Amino acid sequence: GRQATTFPMGQGHAQSFCRYLAQGDVKRAMALWEKYPKQLQHLDPNEAIKSNQFEQTIVQLACRAGARELVDIYLKSGMVSIVKKNKEGKNCGHMVLEGDSDPELRFGMLKKLLEYKGPDGKLNIRDKDNASNSMLHLAAASGLTSCCMHLIYRGLAQNLYEENKSGNTPAAAAESNGYTKLAAKLEGFIVFDEQSATEKNTSMNQLFQIIEEDKAYQTHKGMSLKLIRAKKDEMVLTVASFFFGNEGFSGHTLFKAECLLAAYHWSVKNLQHAFLSNPSQVYLKAGVDPPQDQKSFARLREEKKRKTGPRKCLTCGECAEQDEPAPSLQAITDPLEAEIFADLKKSPMGIGQALRKYRPKGHNPGKIMKAFNKAQGRIVASKNKPEKKEKKKIQLREMNGCGHAFCNDCWRRYLKVKIKEGQVQSIICPAFDCNHRVPSSIIDYPLVDKKTAQRYMKFELRDFVKENKDFRWCPAPGCSASVCRHQHSDGKTIMGHTADCGQGHFFCFECGGEPHDPCSCAEYEKWNVECKEMSAKLGTGANENAAAIATMLWLKTNTKQCPKCKSSIQKNEGCNHMTCRSCRHEFCWICMAPWSTHGSRTGGYYKCNVFKGAGPTDNKGESKLAKNKLEESKRFIHFIERIKVHEDSKKLEQKMVRKVDDRIREMQEATVEQVDTKFVHVAFRQLYWNRIVLCASYIKKYYSDKKSAKILSNRYNELQASLESSTEALSNAIARKRWVTRMSKVISLTLLAQQARNLFLNEVMGRSKYESKSKSNVSNASKGGGQYSEKILQLQNMGFKRADCIKAITATKGNLDQAVTKLLS
């Protein structure tokens, strides 16, 4: 019912004026307005003007072009309609938000339009166009930040969650046009929407519940290098206090304790069992001496030194002691000789001078001459004595266990080679047929430089984790974190193999491959082997994904290739006389031979149906076998397609995880109030973990035999479906370009996804929660059988080290107060 005005011939100025407005050329349009006021001002701004390029009212064209001066003229008249819509369903409010030129000018125009009341009423801020775009959608798509904020504060906050017909929210519309900052700002308004105190407390409680629930079911714990060293030191102190408590804590006893643990793969339990069976064999295997007190140890060392004589380096043969000094000249006993010797050292003189000097003192000339000759001889002898070359000082370092000594140069060369090769555990005494390990006190500055010492420490921790069955390095490239296995208080391992190193990497603790709970490592390996074999049969690459394998398998199962052009053909009805649509080749579907060979002359049209073997019985068996193979291939396709769906989703979600920190920073910078965004990482973590479990759940189901499948079928499928639905709900909320879900809703969906996964794993694997550390320690202490175990535990809870607690409580014979005093002193 809308009337349109078509310009007659002669109204060229009006046509040019409208065309300039449609093109956004405000300057030229306003020049015409000022030049031909009588011809242009009579135009009705409320009538739709129709041309080949547009069908809008003049005021709509002015709003889209950003002609503020012209819009102000029309608004002042009070007769213009800004509510009227064009054929796209857009009113003046929509039109002014479609342009991105001069955002502040358009912001001013928007405010005037919202305040204006025309003959048909005020502008409805919630009106949408034919594409379901609200004003907020159009403002966001044009990057008009001020207009977006004004519309939100005017009551359009609800439109932040709404999608247009293209499926875009205002934030997504801004993102698609390159306005990322505005998109982050709008997304922040959605995610961090104002909550009541009750809603906020509920969300925080749910987030805390999610984190605590993860800890309760945590089967493995990620550890940094610092924590690994602390764990190792704790084990060494425990063993040292048990085996060498009488010797006191020293570098030597701690080193011996480390040797004992290394000999038994860092298992305190295995070491204790071996010690109870055969103590002497334990010390022999570790290459350390049995415990003894410090006095007897020092006495044995001194006796050994006396028997062996001067210490020498066993490699180069250099001796540590210096050579004896050469015998000096005999001492002067004659006073006259001493006086003459002193005068000769000051200044040389002849025999005559000596007689003239010493005769007046009452000395006999013969005695003077004899003393002069001796003194002069001493002077000549001291001048002709060869200078003694100083011998290089040799410093020897001796092994504590075996007593073998080597010079610093030999130690330096030996250690440098061993550490460079990474043979940390095999650094034993260089002496022939000696198995004593070199203590870490020797492998230090100045024998090794700082860089080599750090390399040694790195290799030492590597071997500690490698030898310890309860530790494993994270297999992710470039990750230096380790994972420690949790155990129940009864010593049994917690069910579950998925390990999280704490750096965002998940893996199976047992096989080191991709995580695959709830299926076993054997089932997972069998599945991978089967996929590789299927790839080889189908002719695909060994690294092809599940989609390629499934496609090729379907083609192999349901189609055959034309014998001539090799096109894939599916036969779903009709007889066995086939004609290829590509090359028109005629052939038999059964034997694939040309159809020309089938006829009465060749023994019958379907002679190829007859099995030329053991008879019809085998024919039936072959048909049954073919049918079973077909069913098995269809079953394989069914499972591999579902695994493929979750694997693809997992990869896409992992790409988003890598950018989540940037997204959080953008939202934080865009929002006025700084909000805790920990829930984002928690949500993606739960989503990733659920994808892992879903992929593995289909592998486990694939290998379940018929009997167990019947038993597990209903319950298993029910739990699996619940896990899938909760996972997809969470994925729909967070795994998207821009979020449209509030923080409280995301946390609720995260909690539901976690609960569904835990319920599924508990039912399938018989899992249980990890007991608290305090309960586990009490149980372990009581199992130890020690008479002071509970008091030692009390002291540990006060913050003292276990080794110090054992020493203090034993010295005070169980007196807790005295032990505390002793520890504090």
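The values are calculated or read from the model by the stated rules, or taken from the named source; none is laboratory data. Nothing here was measured: the structure is a model prediction, and the numbers come from that model. A quick note on method: Cβ atoms are made from the backbone with ideal geometry, for glycine too, and the neighbour counts reach across all protein chains shown. The protein model used for the area step is the full one, side chains on, heavy atoms only, and it has no ligands, DNA or RNA in it. Shrake-Rupley method; radii C 1.70, N 1.55, O 1.52, S 1.80 Å.
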*Would you check which residues across the range 162-199 are in a helix (DSSP H, G or I), open to solvent by 50 Å² or more (accessible area, probe 1.4 Å) and touching a residue at least 24 places away in the same chain (Cβ under 8 Å) and list them?*
176, 180, 181, 185, 189, 199
*asked:* Whether any residue in the range 34-45 is at pLDDT 80 or above and open to solvent by 80 Å² or more (accessible area, probe 1.4 Å) is what I want to check.
replied: yes
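For the range 57-75, does any single residue satisfy the condition of being assigned to a loop (DSSP other than H, G, I, E, B), touching a residue at least 24 places away in the same chain (Cβ under 8 Å) and surrounded by fewer than 18 Cβ atoms within 10 Å (Cβ to Cβ)?
Within the range 57-75, not a single residue is assigned to a loop (DSSP other than H, G, I, E, B), touching a residue at least 24 places away in the same chain (Cβ under 8 Å) and surrounded by fewer than 18 Cβ atoms within 10 Å (Cβ to Cβ).
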*Among the residues of the range 586-599, write down those that are surrounded by fewer than 16 Cβ atoms within 10 Å (Cβ to Cβ) and not charged (D, E, K, R).*
589, 590, 591, 592, 593, 594, 596, 597, 599
*Got a number for residues in the range 93-122 being open to solvent by 20 Å² or more (accessible area, probe 1.4 Å) and within 18 Å of residue 158 (Cα to Cα)?*
0
*What about residue 478, is it in a loop (DSSP other than H, G, I, E, B), open to solvent by 20 Å² or more (accessible area, probe 1.4 Å) and either among the acidic types (Asp, Glu) or modelled with pLDDT under 85 (or both)?*
yes
*asked:* Step by step: first the residues of the range 658-680, then only those that are β-branched (Val, Ile, Thr) and out of contact with any Gly (no Cβ under 7 Å at 6 or more places or on another chain), then the one that is modelled with the lowest pLDDT. Which residue is that?
replied: 672
*Check the range 495-515 and report whether any residue there is open to solvent by 20 Å² or more (accessible area, probe 1.4 Å), over 30 Å from residue 660 (Cβ atoms) and at pLDDT below 75.*
yes
_For the range 84-107, give me the residue count where each residue is in a helix (DSSP H, G or I) and farther than 14 Å from residue 62 by Cβ._
3
*Among the residues of the range 189-205, is there at least one that is of a type outside the set (A, V, I, L, M, F, W, C) and within 18 Å of residue 666 (Cα to Cα)?*
yes
*Checking residue 130 against (1) at pLDDT 90 or above; (2) open to solvent by 20 Å² or more (accessible area, probe 1.4 Å); (3) not in a loop (DSSP other than H, G, I, E, B), which test does it fail?*
(3)
